[in-house]
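Presented below is the structure to which this report refers.
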Amino acid sequence: MELIHTFLNLAAPPFTFLSLLFFLLPFQIFKFFLSVLGTLFSEDIAGKVVLITGASSGIGESLAYEYAKHGACLVLAARREGSLREVAERARDLGSPDVIIVQADVSKVDDCRRVVDQTMNHFGRLDHLVNNAGVTSIAMLEEIHDVNDFRAVMDTNFWGFVYMTRFAVPYLRNSGGRIVVLSSSASWLPAPRMSFYNASKAAISQFFETLRVEFGPDIGITLVTPGYIESELTQGKFFNREGKLEVDQEMRDVQVNLMPILNVGSCAKAIVRGAIRGERYVTEPAWFRVTYLWKLFFPEVVEYTLRFMSMTRPGEPSREALGKKLMDYTGVKSVLYPETMQGTEPKRD
């Protein structure tokens, strides 16, 4: 057995290198050809049923509007019923022929079952499941009073997706449907103070990559890994070190600092376009894909940069981070952040 591993240790690296050298370009050409076909023969979702979680604000809200413009019937789920009603009304005005709302918390398994049941009772079918609901946390591990307070991050960001998918799978298989998964570039970028959030997004990505193998061609999966997008998360709403949900835009500036934030409407348009084309991956803004390559080939550089820009010396307040100072001194926030985020706080629960 040791001899086999010794042989593989010597043979696997050069074999992989030669495979990349000879097959990478043809494979990329083949993928480009498939992408062109997907563009020419995009899925017509007019009249089809799309279920969106976390639809009361942010990316989920904008996805509802984008699907509505394509004539899809919508099921909108979130905790805030009043906000859902407003989103539903606008979605109807934008072209959705039928919209229902379901007040639900995806971290609760019974709520997820109820959302899918109400979808089937009303429409009798399900074509797209958009797993979008999410929360974030910003706290250094050593500053956290009780790590159990942060179970909510994994309960919503990971288990909420698992519950919704498990109940929806039989109906998606019947319709040859698609799951749109809102993961994040945080699944590969180790931003400090966001360890629980980053871990939940990495778990989502690997979970649905595995489901690609299990589902095969029966159910399509579009894995979305956005960069910094205009939403409640980038407006400063997060769980603090006490495990309490708060809005702190100064702390948001520490975390995001000099990274440009994309308008949420543009992001939603790219996600829906990618989903109906059958794309496996969507990263928006598209340039953010290079951060994955940096993390893959130069992990030490990425870690040092994040530490240098976002961390402070022991005893110094987080708000003294270099990235935030540079943004404050130069006034570039007005250029990097959308106008809707200038001094605007997200909705509070």
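The values are calculated or read from the model by the stated rules, or taken from the named source; none is laboratory data. None of these values were measured; they are calculated from a predicted model. Using ideal geometry, Cβ is built from the backbone for each residue, glycine included, and neighbour counts are taken over all protein chains shown. When the accessible area is computed, the model is the full protein with side chains, heavy atoms only, and any ligands, DNA or RNA have been set aside. Shrake-Rupley method; radii C 1.70, N 1.55, O 1.52, S 1.80 Å.
Residue check: is V75 part of a strand (DSSP E or B) and either in contact with an Asp or Glu (Cβ under 7 Å, 6 or more places away or on another chain) or at pLDDT 85 or above (or both)? Spell out how you get there, then give the answer.
On the way: part of a strand (DSSP E or B): yes; either in contact with an Asp or Glu (Cβ under 7 Å, 6 or more places away or on another chain) or at pLDDT 85 or above (or both): yes.
The answer is yes for V75.
Check segment 35-58 and report whether any residue there is more than 30 Å from T119 (Cα to Cα) and touching a residue at least 40 places away in the same chain (Cβ under 8 Å). It would help to see each step written out before you state the result.
Initially, segment 35-58 is screened for residues more than 30 Å from T119 (Cα to Cα), giving 35-37, 40.
When the remaining residues are screened for being touching a residue at least 40 places away in the same chain (Cβ under 8 Å), the result is 35.
Yes; the residues of segment 35-58 include at least one that is more than 30 Å from T119 (Cα to Cα) and touching a residue at least 40 places away in the same chain (Cβ under 8 Å).
Considering each residue of segment 78-99, count those that are open to solvent by less than 90 Å² (accessible area, probe 1.4 Å) and not in a loop (DSSP other than H, G, I, E, B), and give that number.
10
Could you check segment 297-323 and list, in sequence order, the residues that are within 20 Å of S185 (Cβ to Cβ) and either in contact (Cβ under 8 Å) with a residue 12 or more places away in the chain or touching a Cys at 6+ places or on another chain (Cβ under 6 Å) (or both)?
Here is the first cut: in segment 297-323, the ones within 20 Å of S185 (Cβ to Cβ) are 297-311, 321, 323.
Passing the criteria: V302, E303, L306, R307, F308, M309, S310, M311, A321, G323.
Out of the helices (runs of 4 or more DSSP H) lying entirely within segment 216-326, which hold 1 or more residues that are within 24 Å of T165 (Cα to Cα) and open to solvent by less than 30 Å² (accessible area, probe 1.4 Å)? I'd like the intermediate steps shown before the answer.
On the way: elements: 249-256, 264-276, 290-297, 299-310.
The helices (runs of 4 or more DSSP H) meeting that bar are 264-276.
Given the criterion open to solvent by less than 80 Å² (accessible area, probe 1.4 Å) and within 28 Å of the chain's Cα centre (by Cα), identify the matching residue among A46, A12.
On the way: A12 fails: within 28 Å of the chain's Cα centre (by Cα).
Step by step, each of A46, A12 is checked, and only A46 is open to solvent by less than 80 Å² (accessible area, probe 1.4 Å) and within 28 Å of the chain's Cα centre (by Cα).
How many of the residues making up segment 2-57 are aliphatic (A, V, I, L, M) and in contact with a His (Cβ under 9 Å, 6 or more places away or on another chain)? I'd like the intermediate steps shown before the answer.
We begin by selecting, within segment 2-57, every residue aliphatic (A, V, I, L, M); these are 3-4, 8, 10-12, 18, 20-21, 24-25, 29, 34, 36-37, 40, 45-46, 49-52, 55.
This time we only want the ones that are in contact with a His (Cβ under 9 Å, 6 or more places away or on another chain), so: 45-46, 49-52.
Residues that pass the stated criteria total 6.
Output the residues belonging to segment 81-110 that are of a type in the set (A, V, I, L, M, F, W, C) and under 17 Å from K69 (Cβ atoms).
Step one: list which residues in segment 81-110 are of a type in the set (A, V, I, L, M, F, W, C), which gives 84, 87-88, 91, 94, 99-102, 104, 106, 109.
Within segment 81-110, V87, A88, A91, L94, V99 qualify.
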